[in-house]
1. If we sort 16-23, 57-64, 28-35, 41-48 on the protection proxy, mean other Cβ atoms within 10 Å, highest first, what's the order?
2. If each residue of separation counts as 0.36 nm, what is the full-extension length gain between Arg30 and Val43 once their alpha-carbon separation is subtracted?
Amino acid sequence: MLEVSGFWMVLLVGCFGGVLAEAWRWYKIRESPNLPSYLKSPVYWIITSIMILGGGILSSFYGTECKRLPRTQHWSLNTTHNLSVSQHHTSSSS
């Protein structure tokens, strides 16, 4: 169990889920001979950062009072949010 309390701690744990989602995306394409061109785009990294931060804020809506939570509860909210947005973006750009 992880004791999480306060807005900033919940935000950090929630953002960690967004970082995991992004790491998973890059892990899946790690051996690709052609990495995406947007990898070097500042716009991509700005949008990714906004999504990670937004997911962290979203996880704080669950509550910021002191609770004993499974480690996955807050960061999974952000991971799920970012992966669902990623799936929607991938399917709509095809």
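Bear in mind that the values in this text are calculations on the coordinates, not laboratory data. Nothing here was measured: the structure is a model prediction, and the numbers come from that model. FYI the Cβ positions are ideal-geometry reconstructions off the backbone, even for glycines, and counts take in every protein chain you see.
1. 16-23, 57-64, 41-48, 28-35
2. Details: separation 13, 0.36 × 13 = 4.68 nm, distance 2.11 nm.
The span from Arg30 to Val43 would gain 2.6 nm if fully extended.
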